[in-house]
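Everything below concerns the one structure shown next.
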Amino acid sequence: VQLVESGGGLVQAGGSLRLSCAASGSVVAVRNMGWYRQAPGKQREFVASINSRNSGGGTNYADSVKGRFTISRDNAKNTVYLQMNSLKPEDTAVYYCNQEAWRAGVRDDYWGQGTQVTVSS
């Protein structure tokens, strides 16, 4: 499984970006997918997730991004997106795409290489 993020960059506060996560070696429609982020000096934190089609496709968001970020999935392109609006300087971080995976009953997720998002004030 390979997850490749793109779409990061530098944006002014209040602006928007759309991150993409293209998957190969797996089908995103049947996997729980998510976005996490890690700011300098901080631990990686959950941003948003979308459940697999078989699990109803529901979405979840961290409180800090609710109402501003939207996670979605394009099954035809096997890609997951994170639309980020009304960006704030505190959203600055490396954003990672995540695919939930289990091996022998132990969680062992797949991760992308990350894409940098920088929001200037």
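The values are calculated or read from the model by the stated rules, or taken from the named source; none is laboratory data. If you're wondering where the values come from, they're calculated on a predicted model, not measured in any experiment. Because the Cβ atoms are built from the backbone with ideal geometry, glycine has one as well, and the counts that use them run over all protein chains shown. Just so you know, the surface numbers come from the protein's heavy atoms only, side chains and all, with ligands and any DNA or RNA stripped out. Shrake-Rupley method; radii C 1.70, N 1.55, O 1.52, S 1.80 Å.
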Between a first residue in the range 49-68 that is within 22 Å of TRP111 (Cβ to Cβ) and a second residue that is of a type in the set (Ser, Thr, Tyr), which pairs have beta carbons less than 6 Å apart while being 6 or more apart in sequence or on different chains?
-> ILE50/THR59; ASN60/SER49
For VAL119, work out the one condition from (1) free of Cβ contacts under 8 Å to residues at least 40 places away in the same chain; (2) touching a Pro at 6+ places or on another chain (Cβ under 6 Å) it doesn't fulfil.
-> (1)
So, of the residues in the range 89-116 that are more than 16 Å from VAL30 (Cα to Cα) and of a type in the set (A, V, I, L, M), which turns out to be least open to solvent (accessible area, probe 1.4 Å)?
-> ALA93
Please work out which one of (1) touching a Lys or Arg at 6+ places or on another chain (Cβ under 8 Å); (2) closer than 16 Å to VAL1 by Cα is the condition ASP108 fails and give its number.
-> (1)
